[in-house]
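Throughout, read-outs are computed from the coordinates displayed, never taken from laboratory work. In this text, all values refer to a predicted model and were calculated from it rather than measured experimentally. Here the Cβ positions follow ideal geometry from the backbone for every residue, glycine too, while neighbour counts run over all protein chains shown.
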Amino acid sequence: MAGSIQQRHTGLRQQPLVLLLVVLLFCGAMVARLVWMQLLEGARYRELADENRIRLVPRSPIRGRLLDRKGRVLASSRLTYSLYLEPRLVREGAWPDLRDRLARLLKLDPDLLDQRRQNGPDRDGYRTTLALDLRAEQVLRFREQALGLRGAQVDVDILRHYPHGTLAAHALGYTQPITEQEYEVLAEKGYKIRDRIGRTGVEAAYEAHLRGKWGGQMLEVNAMGEVQRNLGDRPSVAGKDLTLTLDLDLQRAAEQALADKPGGAVVALDPKDGSILALASKPGFDPNFFSKLITTQKEYDALFFNPAKPLLSRAMNPYDPGSTWKPVTAMAGMESGKFPPETKLQTTACITYGGHCFPDHNGAGFGTIGYADALRFSSNTFFYQVGVGAGSVALKQAADQLGFQQKTGIEIGWEESVGLVGDERWAAKGRGWATPGSVPWIPEDMASASIGQSVIQITPLQLARAYAVFANGGWLVTPHLAKGSTNWMDGEHRRKVAMKPSTLKTIREGLRKVVSAGTGFNLNGPGIPPAAGKTGTAEDSTGGPDHAWFGSYAPYPNGEIVVVAFAQNTPGGGSVHALPMAKAVLTEWSKTRQR
């Protein structure tokens with residue numbers, strides 16, 4: 001009995017010590033926690049507190065304008081006002097009253113406001129779009145009543161605007177909102193989740209020059225989200241304007257020339273430095289489509305899955321060039337040494353290679369002729385002999401010298417194809433689709449290649465670059481859409497083609513004869529300076545109707561403009577369809593250079 005009493009007294013004496021240890025343990029944990037929060041994680045928690053207390057209202061920059069070479073606006077920005085809801089400031093019970101007031105004040109459908117609210121916050125996570133593209137009257141009414149419309153705001157959006165609609169759409173490109181994946185990378189470069197980025201064309205190539213920098217207003221808010229004071233304001237910095245090499249008048253003439261064609265392209269450039277004066281493609285699209293704040297999936301599908309492929313630039317897509325390729329074959333023949341400039345060959349109704357008799361287009365031949373008349377009459381049998389005699393390696397070498405089967409260097413080069421110049425080495429490797437060695441190069445291939453058929457695929461832009469070599473006296477230039485700070489006349493962007501002077505002289509004389517007394521005679525007319533060129537009618541190797549081509553430059557002999565016209569799947573001949581297209585552009589150019 002005495003022992004149990006002794007044990008109770010001992011337990012009672014130990015209770016304060018246990019409690020003290022418990023209290024010390026909790027206090028130690030609290031102190032450790034405070035030390036960890038204040039010293040080790042203090043900076044982070046201060047940042048989080050500031051984020052709760054301070055709100056940054058971003059101000060988007062105005063994108064720089066795109067101007068033509070004479071300063072006329074091709075792309076600008078327009079302001080549009082939208083109505084937004086800040087959901088965290090509007091309790092569920094307060095929404096019906098706010099909705100009805102907004103509907104009455106701005107003449108909006110309350111059911112639509114309900115529907116938009118149910119869609120939840122926009123991509124920025126802070127607000128919900130209720131109405132787009134408000135009229136000036138609606139904006140003024142809202143501003144007058146804004147104090148009594150807690151949780152609603154009207155803000156400005158800056159959208160890209162293309163005043164000429166479809167004009168030069170493939171060259172200018174368009175802008176689109178950045179994706180969430182892009183934002184994860186671009187946030188470090190100052191982009192916001194609401195940002196728009198150049199997606200194609202010049203808009204993408206010169207994104208850094210055009211975009212500007214975001215600004216913002218720093219506001220202090222209380223726990224209810226109410227603004228207490230303005231802590232600072234940093235204005236946005238507008239993007240820089242960009243002057244392009246395009247000429248609005250020539251671009252308009254080029255697109256009008258394409259109006260009655262099912263598809264095609266027109267390229268006009270300055271052969272001296274590669275400045276692109278016009279870059280037209282049909283079918284086209286309106287880049288303003290991508291500036292809409294709301295676009296349905298059905299609208300997107302109608303554009304992106306259109307069988308006519310309006311987003312594809314025909315100017316940078318490859319096609320069979322037909323007889324516009326014959327100057328390349330002429331260069332190969334002369335540069336190989338096998339068919340020098342003074343060569344004369346007997347032309348006939350057809351020449352057999354392999355198991356096929358390849359005809360001349362008139363069904364009879366043109367007698368014994370040299371290079372100039374062969375180009376003038378566009379004799380197939382003359383160029384079969386030159387091409388087959390020189391060989392595929394010589395033809396490929398001449399093509400490489402003139403810039404074929406390679407990117408041209410244009411700023412929007414990710415959109416262009418390198419095309420194809422087939423030769424025996426290419427065939428030995430399987431032609432890109434067969435087992436190496438199973439589809440060797442045959443005489444029929446060489447005959448077709450000699451006149452730009454079947455195994456030759458080039459883009460209108462590549463052809464314009466090649467004809468610039470003939471126009472400027474032997475320099476391969478880099479086509480470009482904006483001058484900027486780049487010296488397009490330096491050795492990096494302009495190089496001398498390794499071609500004998502006699503070869504260049506002979507080709508130039510032949511191209512001149514085409515226009516003065518050959519298949520390109522209809523290019524002559526009032527206001528058109530002496531010109532040189534080559535017509536072309538090409539079978540479509542994909543199975544469609546013939547293509548029509550015309551490559552030209554003026555004035556002769558030292559050209560100041562190169563114009564290539566291409567009418568896709570437009571049978572009837574280059575002199576009938578493509579030549580008038582080039583003539584329209586040259587006529588406009590003659591007018592503008594006299595102003």
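Worth pointing out:
- Long-range HN-HN contacts of Ser236 with modeled amide H, under 5 Å: Gly215, Gly216
- Spacing of the modelled spin labels on Met30 and Gln145, each 7 Å from Cα toward Cβ, amounts to 5.3 nm.
- Partnerless cysteines, meaning none of the other Cys C-beta atoms lie under 4.7 Å away, in the chain: Cys27
- The convex hull built on the alpha-carbon positions of the chain has an orientation-averaged projected area of 45.3 nm².
- Helix axis angle, 2-35 relative to the chain longest principal axis, alpha carbon, degrees: 40 degrees
- Separation of the range 544-560 and the range 360-384, taken as the distance between their Cα centroids, equals 19 angstrom.
- Residue-averaged 222 nm ellipticity for the chain, from DSSP H runs of 4+ at -39500 (n - 2.57), nearest 500: -11000 deg cm²/dmol
- In the chain, the longest principal axis of the Cα atoms and the axis of helix 136-145 are about 10 degrees apart.
- Neighbour net charge for Arg101 - beta-carbon separation under 13 angstrom, K R +1, D E -1: +2
- Each Lys or Arg adds one and each Asp or Glu takes one away; over the other residues whose Cβ falls under 14 Å from the Cβ of Thr243, this sums to +2.
- Note on Lys272: lysines with a C-alpha under 18 Å away, same-chain residues under 8 apart excluded, are Lys483, Lys496, Lys505.
- Listed residue pairs exceeding 21 Å between alpha carbons, taken from Lys396/Lys429; Lys338/Lys500; Lys338/Lys407: Lys338/Lys407
- Pairwise label distance in nanometres, Glu180 with Leu303, each label 7 Å out on the Cα-Cβ vector: 2.3 nm
- ³J(HN,Hα), Karplus 6.51/-1.76/1.60, whole Hz, each residue of the range 523-533, x for Gly, Pro: 5, 5, x, x, x, 8, x, x, 10, 10, x
- Remark: spin-label model distance Ser438-Asp286 equals 5.0 nm, labels positioned 7 Å along the Cα→Cβ axis.
- Cα long-axis angle, helix 501-517 against the chain (0 to 90 degrees, to the nearest 10): 80 degrees
- Close Lys-Lys pairs in the range 55-243, where close means Cα under 30 Å and separation is 8 or more or interchain: 7
- Whole-Hz couplings from phi, Karplus 6.51/-1.76/1.60, listed for the range 88-100; x for Gly and Pro: 6, 9, 10, 5, 4, x, 8, 4, x, 5, 5, 4, 5
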